[in-house]
1. Given the criterion under 24 Å from residue C:54 (Cβ atoms) and surrounded by fewer than 21 Cβ atoms within 10 Å (Cβ to Cβ), identify the matching residue among B:48, B:28.
2. Picking from B:137, B:128, which residue would you name as being part of a helix (DSSP H, G or I) and surrounded by fewer than 22 Cβ atoms within 10 Å (Cβ to Cβ)?
3. Please return the ranges of helices (runs of 4 or more DSSP H) entirely within region A:153-260 where 3 or more residues are more than 12 Å from every other protein chain (Cβ to nearest Cβ).
4. If I ask for residues that are touching a His at 6+ places or on another chain (Cβ under 8 Å) and within 14 Å of chain A (Cβ to nearest Cβ), which ones from region C:197-231 would you list?
5. I want to confirm something. Restricting to region A:51-85 and keeping residues that are out of contact with any Pro (no Cβ under 7 Å at 6 or more places or on another chain) and part of a strand (DSSP E or B), which single residue is nearest to residue A:224 (Cα to Cα)?
6. Test of understanding: among C:94, C:127, C:153, which residue is on the phi < 0 side of the Ramachandran plot and crowded, with 23+ Cβ neighbours inside 10 Å?
7. Give just the number: which of (1) within 13 Å of chain B (Cβ to nearest Cβ); (2) in contact with a Gly (Cβ under 7 Å, 6 or more places away or on another chain) does residue A:130 not satisfy?
8. Condition check: in contact with a Gly (Cβ under 9 Å, 6 or more places away or on another chain), in contact (Cβ under 8 Å) with a residue 40 or more places away in the chain and within 12 Å of another protein chain (Cβ to nearest Cβ). Does residue C:82 satisfy that?
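The values are calculated or read from the model by the stated rules, or taken from the named source; none is laboratory data. Keep in mind that this is a model prediction, so the values were computed, not measured. Virtual Cβ from ideal backbone geometry, glycine too; neighbours counted across all protein chains shown.
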Amino acid sequence: MKKGFETAAEKMFLLSALLSVLVTLLILGFMVILGLPLMKGGHFFSLLTQGWSPRHDLYGIYPMMMGTLAIACLGVAFAFPLSLGCASLVSVLAKGRFAWFLRKAVQMMTGIPTVIYGFVGIFLLVPLIRELLMGGSGMCVLSASVMLAILISPTMILFFTDSFDRVPKSYTDAADALGGTGVQKLVYVILPCSRKGILTGLILAVGRAFGDTLIALMLAGNAIQIPGSFSDSARTLTAHIALVIAADYESLEFRSVFACGIVLYLFTTLTVLLLRASENR
Amino acid sequence: MKALSEMNRFMEIFVRSFSWICGIVLLGSISCIIGYLFYKGLGTISLGLIFGDTNPTDALLLREQVFDGLFPAIFGTFSLVILSVSFAIPAGLASGIYLAEYAGRNVRGIFGIFFDILAGIPSIVIGLFGFSVAVFLHRHLSDRIFPCLLISGLSLGFLVLPYIIRTTQVSLESLPLETRVTALALGATKFQNILYVMLPKSLPDILSGVILAIGRCAEDTAVIMLTGVVASAGVPKSLVSHYEALPFYIYYISSQYTDTQELLSGYGASIILLIICAFLFLIAFMVQKGLTYHALYRA
Amino acid sequence: MKTKTVRNLIILCLILGLSTAGYAGNLDAFKSQKGSIKIAGGTAHIPVMKEAAKRIMKIYPDIQISIAGGGSGVGIKQVGEGLTDIGNSGRKATDEEVRKYGLKMFRWAVDGVGVIVHPENPVKALTKAQLRDIFSGKTDNWKLVSGADKAITVYTRDEASGTRKVFWKKALDKGDITQKANFVVSNGAMKSAVANNPYAIGYVSAGHIDESVSPVELDDIAPSLDNVKNGKYTVARGLYSNTKGDPAGLIKIFIDYLFTPEGQKIVQEKGFIPVK
C-alpha cells in the first residue's frame, strides 16, 4: 500500500516533468506545422534572405533579422561596458553604504516592467533623440537600443557581481597583502578570474536583447527596411510577430510570423547550448 | 619602471572614473525614468482613476461595470496572475522535485537543457504558441474556444514554469546532507521526507521564486497581446472572455491616447503597475531573508 | 427593523429599475438579454463602438461587450473564422471574402480618409502629385513643398488596414509607399504619432481628426465632413460591421442599435456621417 503510494508520487512527479518538456517541444512543433507551407521546397531558407514586399508576393524576413541584429547588438554594446563598470563599483571599488545602495537599486531595477521602460521612452527619450539627430521621427534604432541597454543592464550587473564575489578570498587577500590598490586587484585578479562568469552574463544578455518585444515595438518605428544608420527606423522579428499576428491565418504574410518564431526559437536553443558549453569548459 | 607606474596611475584613474561614470549613468537614467513617471502621473492617482465615476464598493462587488477607470484592467491582471500561477506552481513544484530528487544524472542534464530553452524563449513566441493552440482548438475541437483569459493564463503559466522548476530544484539540491538523511534514517519514506522535511526547509526560497514569477505574470505584455487581451472589455465574465490588463493598457495608451486625460491615466496606470511590481519584489526579498519564515511555518 | 431595511431596499431597486428603463429609450431591446459580444477589426470604428458598449453595459451589466482593434482585414478574417462575433471593416469586404465566409455587411456610417500633419507645420495644402511623391519617398524634405528644411517622416499602416487600402487606392492611385515609412497600428495611433512629431505626415479616418493635428487640403479640398457628404472630397469610404451569416439574438440587437436614432447620434458625435 505504502509502496504503491510512493511509486504513484514518483510517477506523478515524472509526469509533470515530462509534460513540461513536452510543452517546450510543442512550441517548436506548432510553429513548424503552421509555418509548413512556407517551408516546402526549401522556401524557408529563401525567406531568410528575401526582402518584404507583399505587393510582389515577397514575404522574406531578412529586414527584420537585420533590424533585430542591429538593435540587439547596439543595445548589448551599450550595456556591456556599463554593466562591467557598475559591477566593479558594486563589488570592489565603492565602499560601505553606497555599494549596498547601488546593489539594492540594481536588484530593484530587474523588477521594473518592460512596458514602463517603453512608455517613458516614447515621451522622454524619443523627443530627445529626435532633436539630437535633427529630424526623423525619433523612433529609431538608437532610441530602442539605448532603452534596451537600460533594460538588460541590471541582470548583467547582478551576474557580474555574483561572479566577482565568487573569486576566492585568498586571491584577493594576496593582492591586498602585496599592497595593491582596488583597481589593481580588479584588473589583475578579479577580472581574469571571473572571465567565465562574464561570458555567461554576456550570452544571457544577448539572448534577452534578441527576445525583447516591447522596447523595439514601441520605440523603433517598425519600418520594414534594413537599417543603415542609428537614425533609421527598423522592425525586429519580435515586433513583426506582434504586428502581423492580427492578420489572417491563411495568408503567406501571416505564415511569415512562424518563420520569425522559428528563428527566435532556434536562436534561444543556440544560446542555451553555448551557455552549457561555456560552463563545462 | 617609471613608465610602468605612469601607466598604473593612468589605469587607476581611468578604471576608477569609468566605473563611477557607469554607476552615475545607470542611477541617473533610472531616476529619470521613475522621476518622470511620478512627476507626470502622481497627480492622477485617485479613486477616480481606478473606478471612474462608479461607486468603488459597487465596482468591487462587481455589481456595476466601471468605465473610464482602470478597475477592469487591474481585475484582469489579477485574474491572469491567479490563473497562471495556480497552473504553474503545481507543475513547477512537481517537476522541480523530480529533477532534484528522483532523476538520474543524464535525465537531469537533458531535462535541464529543455527547461533552459523554455526559460529563454522570447515571451512573444510563447504568445504565438498560445494563439496557435487557441486557433487550432477552435477549428478542431470546439468553436467556443478562442484567444481568451484562460488561454492567456495558460501561456503565462508556460512562461514562468521554468523559473519555478529551477528555484524548486536548486533550493532542494542545496539542502545540507544532514537535513536530507535524518528523517530517512528514522524510517520515513522518500516521499514523506520530501513532503515533511525538505519542502518546508526550502520553502522560503521556493516562495520567493514564486513571488518573482507572479511579478513576471503581472508585467508581461507580449504574451497577452496575442492571446486575448483587448482595449475595452469591462470585467471578464468567464474564463473564455476577452479581458483587459494593466500592462496592455499602458502599451495601448502610449500610442493610441485620444486626449490628455487618457494619456494621464496611462501615467497613472504605469505608477500603479510599478508599485505592484515593487511591492512583490520587496515581499520576495523579505521572504528570502527569512523574515516570514517563522510566521509561515510555526506549526 | 430588519424588514424595514429590506423593504426600503426593494423600493430603491424598483425606483432604480424604473428610472433606468425610462432612460434607456433605444436601448430597450437589450432588456433581459444576457451574454457577450466580441467585436474586432477596423480601428476607425472604435470610438463609436466604445460609446455604444458603454451605454449598453452601464444599464445592462449582464451583457459584456469586448472591443479589439487589428484593422479591417483582421475584422473580416476573424469574423469569418468565427473567432469574433462582429468584424468591423473600413472598406467593403471583397467578393471573394463575402463568398468564402458568407459575410453580411452593415454600413452604418460614411467616413473620409484625410492627410494630416503636425499643427505647427506650415504646409496646409498639397496636390495629389505632391502627395504621391512624398509617400513614395521621392520628396523627402518639407522644403520641396514650401515647408521647413526638415526631413519628412512618413507614417503608414499595415496591410490589414482598411484605411490604408482606401487611401492607397483613392489618394495615391495605387502608388508606392516608401520602405522608410514608420508603421502604426490604428487610426488613434496614427493621430498621436503625427501630433507628437513636427515633421510627420500620415493619413487618418476623417472622424479622428481633431485640433491636435492639422488636416491637409488635397487639390484644394479639405477632408471635412461637409466635403465628404457632398462628394467633393473623394477619398471616402463606408464604415461596416460584418457578421457571418445573418446576425441573430444579441448581435442583431447590437447592430440594430447602431441604426437607431441614438446609435446614429453617437456616429455623428464621434465625427462620422450617419447613414440615416
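1. B:48 is the lone residue from the list that is under 24 Å from residue C:54 (Cβ atoms) and surrounded by fewer than 21 Cβ atoms within 10 Å (Cβ to Cβ).
2. B:137
3. Fully inside region A:153-260 and qualifying: A:169-177, A:195-211.
4. C:197, C:198, C:199, C:200, listed by residue number.
5. Per the stated criteria, the residue is A:53.
6. C:153
7. (1)
8. no
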